[in-house]
Amino acid sequence: MWNIQVFAELPSTQRNAKQLLQSGKAKHGDVIIALHQTEGRGRFESRVWHDESGTNLLMSIVLTDIPSPIEDKMQFAAGLSVLRAMRTILPNEPFHIKWPNDILHNRKKISGVLSEAIWTGNSLKGVVIGIGINVNQEHFSGDIAARAISLKKISGQNIPLEEVRDAVLLELDRNLHMPADIFINLRNELEWMRGIGQFSLTDSDGTNFSGLRYEGITDDGALITNAPSGEQRIFQNGTLHFA
Ligand code: BTN
């Protein structure tokens, strides 16, 4: 199912995979991996994704054959796949998914997911899922240091990148074959957020909303919160910040 290509360095695996898909040169199951990215990017255009060369899993997966009920839910399927993979590699560790798809360990970020759909007119050409997982990186600089963690920092052991890659791809394959379970699993996995108290959210325009509390997700995965006014507020995108 997977056709894996590994590069020593790329500006961004995501950019590479999207260009291949756009130019008709990519097929379902192509996986682009780089040992280092010079222009890795996060979920919002302005956000960069840093890596220490050779230590982390940096991959973008091309999917063109997606069950239609989950075409627009791949960001959640990918997040859940990474979550499951983390638990396979380090069982009994407190991994959680933070809406929409960050993977945390004790509230520190271990993985980020970026899912981008490519369209030709009204028809979906495919989705490129970018996944960054901190595997063996030991030092994080600046303000990231307090907010990031790696599998090595948790376990004290080097973990082969291929092991992490294969665990994620296995879970992603499972999710693609069980599309009906994605939302049930996502709702269950997000239940822990009821216990985090108040948080703030920055939306894609950079607007900040504070004093929110988790209430749930809608049937299309939007975040339902309770705002300080007591009103319900629903967000389609954004980044959550815990106190
Ligand atoms: C986020 O948390 O904002 C998403 C981060 C996604 C990072 C990955 S690393 C592999 C792929 N290539 C990129 O340039 N970004 C994604």
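The values are calculated or read from the model by the stated rules, or taken from the named source; none is laboratory data. Predicted model, so just to flag it, every value in this text is computed and none were measured. With ideal geometry, Cβ positions are generated from the backbone for all residues, glycine too; neighbour counts draw on all protein chains shown. To get the accessible areas, we keep the full protein, side chains included, count just its heavy atoms, and leave off ligands, DNA and RNA. Shrake-Rupley method; radii C 1.70, N 1.55, O 1.52, S 1.80 Å.
Quick notes on this one:
- By accessible area, using a 1.4 Å probe on protein heavy atoms only, segment 10-134 has 48% of its surface on carbon and sulfur.
- Rg [Å, one decimal], Dmax [Å, integer] - segment 1-123, C-alpha atoms: 14.8, 46
- Size of electric dipole in segment 25-84: Cβ of Lys, Arg +1 and of Asp, Glu -1, about Cα centre, debye, nearest 20: 80
- Average accessible surface area per residue within the chain, 1.4 Å rolling probe, Å²: 46
- Too-long pairs where the Cα-Cα distance tops 21 Å, listed order kept, from Lys73/Lys98; Lys18/Lys98; Lys18/Lys109: Lys18/Lys98; Lys18/Lys109
- Size of electric dipole in the chain: Cβ of Lys, Arg +1 and of Asp, Glu -1, about Cα centre, debye, nearest 20: 260
- Pairwise Cα distances in the chain exceed 26 Å in 37 percent of cases.
- Counting only residues at least eight positions apart within a chain, or on another chain, the aspartates and glutamates with an alpha carbon under 19 Å from that of Lys25 are Asp65, Glu116.
- A straight Cα-to-Cα reach below 19 Å connects Lys153 with the aspartates and glutamates Asp51, Glu52, Glu93, Asp102, Glu138, Asp143, Glu162, Glu163, residues fewer than 8 places away in its own chain not being considered.
- GluC sites (Glu not before Pro) lying in DSSP loop within segment 42-131, provided at most 10 other Cβ fall within 10 Å: Glu45
- When DSSP beta bridges are restricted to pairs lying wholly in the chain, around 85% turn out antiparallel.
- Near Ala148, once Lys and Arg are set to +1 and Asp and Glu to -1 for all other residues with Cβ below 10 Å from its Cβ, the sum equals +3.
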